[in-house]
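The values are calculated or read from the model by the stated rules, or taken from the named source; none is laboratory data. A quick note: this is a predicted structure, and the numbers were derived from the prediction, not measured. Neighbour counts run over all protein chains shown; Cβ positions are idealised from the backbone, glycine included. Heavy atoms of the whole protein, side chains included, go into the accessibility calculation; ligands, DNA and RNA do not. Shrake-Rupley method; radii C 1.70, N 1.55, O 1.52, S 1.80 Å.
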Amino acid sequence: MGAGALTCLMFVVIALNAIAAAAGLALFAVAIWVAVDGYKLYPISGVSGKDDIFAAAWIAIFTGFAFFLACIFGIFAALKRSRGFMMVYLIIMFIIFLFECASAITAATNRDYLVGNSNLVKKQMLQYFADSSTQGKQITQTWNRVMEQVECCGADGPSDWIQYNSTFKQMFGSTYIWPLSCCKRLSTFEVEDKEGCMVGKASTIFPKGCFQHIESVLSRYTWAVSWYGFSVLMLVFFTLVIAMIYYMQLE
């Protein structure tokens, strides 16, 4: 390959690494957003032992920043036109590439497990809501917050608390049909009609279930870690192919 063509190829490698570095930083940022869990739904995922979406986010935090650093080194190696530096760059990028593959696949498969249908989420709610264990307290707090903020009740609807046996029913069934978090609120956040809600008056409760909200949030988390991760992987793969060609042309 002529000197002019090699120089052009070098600039292509530099440009692709600059773009991949920016994409790596973006992946780093969105993975932090998932790991922070702004919607506070981790307990619903964690109680099942299927918290791989969040584990994948932590891997993506590492790989996103690692891609950024490796791409900066790749730019340096390309400018130096050093086969040794380019070989080190290619090896490091390939290792990071494998880690990010694991992160993206883990997030995608875990999402399907959690939100394939509402039965798993419902089962956890019925088992742990109002339970005195540490997990029970976390689940209770999470569900109370979700039901009040989203104005929903149960996984599929208020009937979940009536149709199925639950820890809540065993403890409070003689007093409450469903948790007070299912009851409609005034602007002051006080229960609008506590007595009516306690006896099951339909107009006093939130009629819709919460599963749609939970599914939506977990899908956003998955998209951030998995599908954006896959797009970064495609960019990095193309960058690696061009970098390999550049490496083979160096003397």
Filtering segment 180-202 down to residues that are assigned to a loop (DSSP other than H, G, I, E, B) and out of contact with any helix residue (DSSP H, G or I) (no Cβ under 7 Å at 6 or more places or on another chain) yields L186, S187, T188, F189, E190, V199, G200, K201
By residue number, the members of segment 1-56 that are modelled with pLDDT under 85 and among the small types (G, A, S) are G2, A3, G4, A5, S45, G46, S48, G49
The condition of being among the hydrophobic types (A, V, I, L, M, F, W, C) and in contact with a Leu (Cβ under 9 Å, 6 or more places away or on another chain) holds, among F65, F54, only for F65
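In segment 187-206, what residues are within 17 Å of D156 (Cα to Cα) and either in contact with an Asp or Glu (Cβ under 9 Å, 6 or more places away or on another chain) or buried (at least 17 other Cβ atoms within 10 Å of the Cβ) (or both)? Can you show your working first?
Residues of segment 187-206 that are within 17 Å of D156 (Cα to Cα), as a first pass: 200, 202, 205-206.
The answer is I205, F206.
Give the residue, chosen from S181, S216, S159, that is surrounded by 17 or more Cβ atoms within 10 Å (Cβ to Cβ), among the small types (G, A, S) and modelled with pLDDT of 90 or more. Show your work before the answer.
Values: S216 fails: surrounded by 17 or more Cβ atoms within 10 Å (Cβ to Cβ); S159 fails: surrounded by 17 or more Cβ atoms within 10 Å (Cβ to Cβ).
Checking each option against the conditions leaves just S181.
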| Residue within segment 49-57 that is open to solvent by 60 Å² or more (accessible area, probe 1.4 Å) and not basic (K, R) present | no
Scanning segment 66-96 residue by residue, those assigned to a helix (DSSP H, G or I), open to solvent by 30 Å² or more (accessible area, probe 1.4 Å) and over 11 Å from N17 (Cα atoms) turn out to be L79, K80, R83, G84, F85, M87, V88, I91, I92, F94, I95
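Which residues, counting only those in segment 54-100, are aliphatic (A, V, I, L, M) and over 27 Å from Q249 (Cβ atoms)?
First pass over segment 54-100, keeping only residues aliphatic (A, V, I, L, M): 55-57, 59-61, 66, 69-70, 72, 75, 77-79, 86-88, 90-93, 95-96, 98.
Scanning segment 54-100 gives A55, A56, A57, I59, A60, I61.
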Within segment 97-148, residues at pLDDT 85 or above, in a helix (DSSP H, G or I), of a type in the set (S, T, Y) and loosely packed, with under 15 Cβ neighbours inside 10 Å come out as T134
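From K208, K194, which residue is more than 19 Å from K122 (Cβ to Cβ) and basic (K, R)?
On the way: K208 fails: more than 19 Å from K122 (Cβ to Cβ).
None of the others qualify; the one that does is K194.
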Restricted to segment 162-178 and to residues being over 16 Å from Q124 (Cα atoms) and part of a helix (DSSP H, G or I), the residue least open to solvent (accessible area, probe 1.4 Å) is F172
Going through (1) touching a residue at least 24 places away in the same chain (Cβ under 8 Å); (2) in contact with a Lys or Arg (Cβ under 7 Å, 6 or more places away or on another chain) one by one, V217 fails only at (2)
inquiry  = Can you say whether S226 is hydroxyl-bearing (S, T, Y), part of a loop (DSSP other than H, G, I, E, B) and within 34 Å of the chain's Cα centre (by Cα), as far as the supplied structure shows?
reply    = no
